[in-house]
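Okay, so here's the structure we're looking at.
Any read-out appearing in this document is the output of simple, stated calculations on the displayed coordinates, not a laboratory observation. All of these numbers come straight from a predicted model, not from anything done at the bench. Here the Cβ positions follow ideal geometry from the backbone for every residue, glycine too, while neighbour counts run over all protein chains shown.
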Amino acid sequence: MNLSRFGVSIEENLLADFDRLIERKGYANRSEAIRALIRNLLLDTRVEEDPHAEVIGTLTLVYDHHAGDLSSRLTELQHRFHEAVVSTLHVHFDERNCLEVLVVRGRNAEVRQISDSLIGTRGVHHGRLIIGSGLGATAGPSGHRHHHRHEKT
């Protein structure tokens, strides 16, 4: 791997904050942290710019399950997009609020449409979509988008 060196001008307080972050996150040095930031930014930009890219990610929602028929509306939306909603995790946050994490997979535009629909549902306090990566490969004969052996039992 060929490496290039370059200089960066940065305010002292911003560098101090960055150094604390590097230590907290466990990066070996500034170069490792900067490489990770660049990789993430490039991935995010590539995925954002291609509505047809195959993506996988998580959608996190926090909502008040006592708010009218919110729980059933969220479930209905998830069923409407059942091909893209791979799995869900439901956690009772406190007496009123729930945390729901959905694993979503599919075309970028569809995954973002699902996310926008769920996050925009009245009663959802907070929502965030995190795209893990572009998949690149199509589903194989096993139905998975990655390749490995499936033993028959």
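Listing for the model above:
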{"read-out": "Percent RCO, i.e. relative contact order, over the stretch 89-132, from Cα pairs under 8 Å lying at least 6 residues apart", "value": "21 percent"}
{"read-out": "Most mobile of Asn13, Asn29, Asn40 in a GNM of the chain (Cα contacts under 10 Å)", "value": "Asn13"}
{"read-out": "For the chain, average projected area of the Cα convex hull in nm²", "value": "14.5 nm²"}
{"read-out": "Angle in degrees between helix 108-119 and the longest Cα principal axis of the chain, rounded to the nearest 10", "value": "70 degrees"}
{"read-out": "Reference-scaled alpha-carbon Rg (2.2 N^0.38 Å with N residues) for the stretch 54-134", "value": "1.02"}
{"read-out": "FRET efficiency, 1/(1 + (r/R0)^6) with R0 22 Å, evaluated for Asn40 and Ala16 via beta carbons", "value": "0.50"}
